[in-house]
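Q: Mind looking over this structure? Questions follow.
The values are calculated or read from the model by the stated rules, or taken from the named source; none is laboratory data. If you're wondering where the values come from, they're calculated on a predicted model, not measured in any experiment. Cβ sites come from the backbone with ideal geometry, for glycine too, and all protein chains shown count toward neighbours.
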Amino acid sequence: MSLQGTVSPQLDRAVATASVATAPTAPARVATRGRGRSLGPRLRAVALAVVVPLGLLLLWDVLVRWTGTRLVPLPSGVAVMMWDFAFGGIYDDAYSGSLPIHFWKSVQRVYGGFFCAALVGIPLGLMIGRIPLLRAMLDPTLSLLRPIPVTAWLPLSMIFFGLGPKSAVFLVFLGAFYPILLNTVFGVKSVDARLFEAAGMLGCRGPQLFRAVVLPAALPSIFNGLRLGASFAWILIVVGEMTGVPEGLGAVIMDGRTLSRTDLVITGMIIIGVTGFVSDRLLVLLSNYFLRWSPQHHA
Amino acid sequence: MLDPTASRGAAPVILEVRDLGKVYDASNGPVEALRGANLTVRKGEFICLLGASGCGKSTLLRIVAGFEQATQGSVAVYGCEVDGPGPDRGMVFQDYALFPWLTVEQNIGFGPSHRRIAPKEVAKLTEKFMAMVGLTAFADRYPHQLSGGMKQRVAIARVLANDADILLMDEPFGALDALTRSALQEELIELWRTTKLTVIFVTHSVEEAVLLADRVVVMTAGPGRIDCEVEVDLPRPRDVASVEFNALRRDVTRRLTSHIGGSRPVAATADS
Ligand SMILES: Nc1ncnc2c1ncn2[C@@H]1O[C@H](COP(=O)(O)OP(=O)(O)O)[C@@H](O)[C@H]1O
Ligand SMILES: [Mg+2]
């Protein structure tokens, strides 16, 4: 009696009933996933997203003209400044065409600190979440250190690392470290205990579990931590670069303040905002790729 | 033709549960879930553990699986005392417990790929068991893209691919609709006949127990213990509508309910 011959007719029937059972939900899922999303809805989404920023620009313009203030430039003035900052050729001062170097320095520091934070935070989080002894040893200390605002570390960080980029990187590291660590720990703790049992009865145990179960199961939470960490990193780079660093977007904003060049300040703010946004979208793309198995993680 | 029940008496004992007791340390005091349970299972047998919910079926199965430590007595597989989960005993959970980040194929290959087996061998094994449960066409799907019945097939194939001797199933079809459930029951019997597995199947449905089992082990609560065992000598495939089937079913139901007095209004016969 061959297995194929005896099993498959029943299987076919069972598969048929199974697909009947899922039939009502399946099309809906495809539609919301937007696999074949056409151009129309996408344009609509872009249009809707652009309305508020355009409105704010308009309001800004109107308010500056109405009050006649000289402290805040018009949006058009900032646009000119931005062009000069990026490509030069208009004001020909110290900032003309210097965007690439400032931008590059900040990006290096942000990602340097961020990657260090991920490199320490993720493995440490996996172990704290999984090894009770380690948790008992580290949890109290980490909980004590956590409420201290990262900016409060600035003076100490300047003592440790001197005036300069290193202390900025350290602040970025601290700022990104906690969200990454805490989300990783949370992710590990909330792994369904059944999955460990399933892995155990299939012969996977000990350190193997970290790669086979703990890491993938905690991944959604880890990505939340990475996104939070990256946004804190961009916040802290400005603080870090405000003292004793000649180059970087934070330094530019600080210079703009001392020179009373508000157009430069706003230019720096906008560039940081856009870069932070793009870097978050990149993380979302990565997360969508790595979490393609999870129905609820298609941001 | 080959009826596995024919040579059962001579088959070697594969599992021996002796005087098993379990007391949980719950936050509101100790809970005695199991007391003095004895069970002997021979190789190739299909056993159903039957009882009302809360009578300790899962506890017994989980101790056999090695997920839970007994507070009294012992469990031995092939004469060796069980301490901890092992690939010789494969568990199929009611809620599937598939790895959601792995595809059907990778889930089935999970056990073999974590032993020292060449990737080619793993692929061959996976292929074989995927075909056995009829999921070859769904190899690259993730669990969330499968129906409940398909998920449970993956869970069964995952255990078979890992070369388990004893299949432990804790109300595996409890969450499925009636059509899918009866299809899977038939498939399970077919798999059992062809693979010569030993199956311990937990259910609270008398009909399911009488339909599947060589031997129905009836459990009662307060604290959980094994009340009696009923041999099911009906020929397979079994006819649910036959007089013999229904007589046996009534008999088992009577044994089950005779212990559920007025103090326990839990309806164990709600399956019909
Ligand atoms: N982890 C646990 N902690 C405390 N009590 C438990 C635990 N698991 C089960 N119990 C108790 O043990 C008894 C038997 O449970 P269980 O084995 O799950 O029964 P069944 O599977 O037959 O429904 C129940 O009273 C239940 O409340
Ligand atoms: Mg149970």
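Q: From the set of residues in the stretch A:193-212 that are more than 7 Å from chain B (Cβ to nearest Cβ) and under 26 Å from the mean Cα position of the chain (by Cα), which is surrounded by the fewest Cβ atoms within 10 Å (Cβ to Cβ)?
A: A:R211
Residue by residue, here is whether (1) in contact with a Pro (Cβ under 9 Å, 6 or more places away or on another chain); (2) in contact (Cβ under 8 Å) with a residue 40 or more places away in the chain holds:
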position	(1), (2)
A:L154	no, yes
A:I159	no, no
A:F177	no, yes
A:V188	no, yes
A:R194	no, no
A:G206	no, no
A:A218	no, yes
A:F223	no, yes
A:L226	yes, yes
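Q: From the list A:A198, A:A233, which residue is farther than 30 Å from A:F103 by Cα, out of contact with any Leu (no Cβ under 6 Å at 6 or more places or on another chain) and among the small types (G, A, S)?
A: A:A198
Q: Looking at (1) of a type in the set (D, E); (2) within 11 Å of ligand 1 (Cβ to nearest atom); (3) part of a loop (DSSP other than H, G, I, E, B), which one does B:D95 not meet, given that it meets all the others?
A: Tallying (1) of a type in the set (D, E); (2) within 11 Å of ligand 1 (Cβ to nearest atom); (3) part of a loop (DSSP other than H, G, I, E, B), B:D95 fails exactly one: (2).
Q: Hey, another quick one. Based on this model, can you work out whether B:P119 counts as more than 16 Å from ligand 2 (Cβ to nearest atom), more than 11 Å from chain A (Cβ to nearest Cβ) and either more than 29 Å from B:E68 (Cβ to Cβ) or not basic (K, R) (or both)?
A: So B:P119 passes the test.
Q: Continuing with the same structure: Could you please give the count of residues in the stretch B:162-196 that are assigned to a loop (DSSP other than H, G, I, E, B), buried (at least 21 other Cβ atoms within 10 Å of the Cβ) and away from ligand 1 (no atom under 16 Å from the Cβ)?
A: 3
Q: Cβ contacts < 7 Å: first residue modelled with pLDDT under 75, restricted to the stretch A:288-299; second residue assigned to a loop (DSSP other than H, G, I, E, B), any location; separation 6+ or different chain. Result?
A: A:H297/A:L291
Q: Give the residues of the stretch B:85-94 that are more than 7 Å from every other protein chain (Cβ to nearest Cβ) and more than 14 Å from B:P112 (Cα to Cα), sorted by residue number.
A: Hits for the stretch B:85-94 are B:V92, B:Q94.
Q: Something else now. Tell me yes or no: at least one residue of the stretch B:143-154 is of a type in the set (K, R), within 16 Å of ligand 2 (Cβ to nearest atom) and under 15 Å from the mean Cα position of the chain (by Cα).
A: Within the stretch B:143-154 (the criterion being of a type in the set (K, R), within 16 Å of ligand 2 (Cβ to nearest atom) and under 15 Å from the mean Cα position of the chain (by Cα)), the answer is no, since none of the residues qualifies.
Q: Hey, could you check the stretch B:197-207 for residues that are under 19 Å from B:V92 (Cα atoms) and either in contact with a Lys or Arg (Cβ under 8 Å, 6 or more places away or on another chain) or of a type in the set (S, T, Y) (or both) and say which is farthest from ligand 1 (Cβ to nearest atom)?
A: B:T198
To keep it simple, each residue is scored yes or no on (1) in contact with a strand residue (DSSP E or B) (Cβ under 6 Å, 6 or more places away or on another chain); (2) free of Cβ contacts under 8 Å to residues at least 60 places away in the same chain.
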site: B:Q145; (1), (2): no, yes
site: B:A155; (1), (2): yes, no
site: B:I166; (1), (2): yes, no
site: B:T180; (1), (2): no, yes
site: B:K196; (1), (2): no, no
site: B:V202; (1), (2): yes, no
site: B:V216; (1), (2): yes, no
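Q: Separate question: Could you say whether any residue in the stretch B:137-149 is more than 8 Å from chain A (Cβ to nearest Cβ) and surrounded by 23 or more Cβ atoms within 10 Å (Cβ to Cβ)?
A: No, there is no match, as no residue in the stretch B:137-149 is more than 8 Å from chain A (Cβ to nearest Cβ) and surrounded by 23 or more Cβ atoms within 10 Å (Cβ to Cβ).
Q: For the list (1) more than 7 Å from chain A (Cβ to nearest Cβ); (2) of a type outside the set (F, W, Y); (3) under 25 Å from A:L219 (Cα atoms), I need the number of the one condition that B:A97 fails.
A: Only one criterion in (1) more than 7 Å from chain A (Cβ to nearest Cβ); (2) of a type outside the set (F, W, Y); (3) under 25 Å from A:L219 (Cα atoms) is unmet by B:A97, namely (1).
Q: Also, I was wondering about something else. What are the residues in the stretch B:93-134 that are under 17 Å from A:G200 (Cβ atoms), free of Cβ contacts under 8 Å to residues at least 40 places away in the same chain and not basic (K, R), if any?
A: Across the stretch B:93-134, the qualifying residues are B:S113, B:H114.
Q: Go through (1) assigned by TED's automatic domain parsing to the domain that holds B:R193; (2) within 16 Å of B:A161 (Cβ to Cβ) for B:F110 and report which single condition fails.
A: Every listed condition holds for B:F110 apart from (1).
This table checks each residue for (1) of a type in the set (D, E, K, R); (2) in a helix (DSSP H, G or I); (3) over 26 Å from the mean Cα position of the chain (by Cα).
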residue: A:S143; (1), (2), (3): no, yes, no
residue: A:P147; (1), (2), (3): no, no, no
residue: A:T151; (1), (2), (3): no, yes, no
residue: A:L156; (1), (2), (3): no, yes, yes
residue: A:I159; (1), (2), (3): no, yes, yes
residue: A:L163; (1), (2), (3): no, no, yes
residue: A:S167; (1), (2), (3): no, yes, no
residue: A:F170; (1), (2), (3): no, yes, no
residue: A:F173; (1), (2), (3): no, yes, no
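Q: In this structure, does B:Q69 turn out to be loosely packed, with under 14 Cβ neighbours inside 10 Å, within 14 Å of another protein chain (Cβ to nearest Cβ), more than 16 Å from ligand 2 (Cβ to nearest atom) and of a type in the set (S, T, N, Q)?
A: The answer is yes for B:Q69.
Q: Let me ask you something else. Please determine whether any residue of the stretch A:258-281 is modelled with pLDDT of 90 or more, crowded, with 16+ Cβ neighbours inside 10 Å, in contact with a Pro (Cβ under 9 Å, 6 or more places away or on another chain) and within 14 Å of chain B (Cβ to nearest Cβ).
A: no
Q: A follow-up question, please. What's the number of the condition A:L119 fails, among (1) surrounded by 21 or more Cβ atoms within 10 Å (Cβ to Cβ); (2) aliphatic (A, V, I, L, M); (3) modelled with pLDDT of 95 or more?
A: Only one criterion in (1) surrounded by 21 or more Cβ atoms within 10 Å (Cβ to Cβ); (2) aliphatic (A, V, I, L, M); (3) modelled with pLDDT of 95 or more is unmet by A:L119, namely (1).
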